[in-house]
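The next block holds one structure in the form of structure tokens; read it before the comments.
The values are calculated or read from the model by the stated rules, or taken from the named source; none is laboratory data. Note that this is a predicted model, so its numbers are computed, not measured. Here the Cβ positions follow ideal geometry from the backbone for every residue, glycine too, while neighbour counts run over all protein chains shown. Note: areas computed on protein heavy atoms with side chains; ligands, DNA, RNA excluded. Shrake-Rupley method; radii C 1.70, N 1.55, O 1.52, S 1.80 Å.
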Amino acid sequence: MLRVGLTGGIGAGKSEVSRLLAGYGAVVVDADRIAREVVEPGTPGLAAVVEAFGEAVLAPDGTLDRPGLGAVVFADPEKLKVLNGIVHPLVRARSAELEAAAGPGAIVVHDVPLLAENGLAPLYDLVVVVDAAPQTQLARLTALRGMAEDEARARMAAQATREQRLAVATLVIDNDGPLEALEPQVRAVWEELTARAAAAAGAAPGTE
């Protein structure tokens with residue numbers, strides 16, 4: 001098994017890279033998706049979030065009001081730390097279950113937004129960073145996601161800097177340009193991953 005950490009700042013295009021890698025055959029473990037699952041109604045995760053932040057973070061149907069909670073925590077580092085302390089252990093446990101189910105020959109791509117922030121790079125065989133300039137991130141968040149500029153800047157500021165992410169990168173995908181420039185880079189990264197996985201399998205004890 002080849003364990004790959006995939007990360008990138010908000011608005012950098014990491015989700016599109018993750019989608020393309022899945023299309024090539026990667027087993028993608030999406031930390032954002034799992035983070036939503038572990039706070040669904042009826043879960044211990046949601047109960048812990050409500051205990052920490054109050055019932056005001058619930059939508060009328062009993063689900064988590066993610067935009068409302070996000071507006072609170074991304075404006076207050078201490079509250080963000082509390083939320084992460086609840087959600088991250090649950091995400092790690094579920095990610096480990098999914099990885100174990102992938103099988104020994106799989107290329108498992110862990111899609112982890114906060115990989116650099118949480119010092120997780122050593123957990124993976126290599127790290128792929130999707131890179132974009134801060135002004136590109138801001139433009140995408142406001143134009144494509146409809147975020148107010150203040151909210152977009154707050155979310156970017158709550159993450160690692162571009163330099164901090166690049167410092168942990170094994171491979172970098174430049175997504176500062178148009179979408180059509182992205183796919184050839186992702187294909188090249190996939191070829192590199194499959195080559196590394198094959199080399200690792202060949203070097204494993206008992207192989208010929």
Would you tally the residues in segment 1-17 being open to solvent by 10 Å² or more (accessible area, probe 1.4 Å) and assigned to a helix (DSSP H, G or I)? 3
Give just the number: which of (1) open to solvent by 80 Å² or more (accessible area, probe 1.4 Å); (2) under 25 Å from residue 8 (Cβ atoms) does residue 35 not satisfy? (1)
I'm told residue 95 meets every condition in (1) out of contact with any Asp or Glu (no Cβ under 6 Å at 6 or more places or on another chain); (2) closer than 23 Å to residue 153 by Cα; (3) surrounded by 12 or more Cβ atoms within 10 Å (Cβ to Cβ) except one. Can you identify the failing condition by its number? (2)
What are the pairs with Cβ atoms under 7 angstrom where one residue, in segment 52-74, is among the acidic types (Asp, Glu) and at pLDDT 90 or above and the other, located anywhere, is open to solvent by less than 50 Å² (accessible area, probe 1.4 Å) and in a helix (DSSP H, G or I)? Sequence gap at least six, or different chains. 65/57
Among the listed residues 158, 197, identify the single one that is over 28 Å from residue 68 (Cβ atoms) and at pLDDT below 95. 197
Could you tell me whether any residue of segment 77-86 is in contact with a Leu (Cβ under 9 Å, 6 or more places away or on another chain) and crowded, with 16+ Cβ neighbours inside 10 Å? yes
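Working only within segment 145-177, note down all residues that are under 20 Å from residue 20 (Cα atoms) and in contact (Cβ under 8 Å) with a residue 12 or more places away in the chain. Don't jump to the end; show me each part of the working.
Quick first cut of segment 145-177, residues under 20 Å from residue 20 (Cα atoms) only: 169-177.
Selection gives 169, 170, 171, 172, 173, 174, 175, 176.
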Search segment 99-114 for residues being of a type in the set (A, V, I, L, M, F, W, C) and closer than 15 Å to residue 2 by Cβ, and hand back the single one that is surrounded by the most Cβ atoms within 10 Å (Cβ to Cβ). 109
Right, residue 175: over 25 Å from residue 77 (Cα atoms) and polar (S, T, N, Q) or not? yes
Out of the residues in segment 161-181 that are open to solvent by less than 40 Å² (accessible area, probe 1.4 Å) and modelled with pLDDT of 95 or more, state the one that is farthest from residue 71 (Cα to Cα). 171
Going through (1) among the small types (Gly, Ala, Ser); (2) modelled with pLDDT of 95 or more; (3) open to solvent by 40 Å² or more (accessible area, probe 1.4 Å); (4) within 19 Å of the chain's Cα centre (by Cα) one by one, residue 26 fails only at (3)
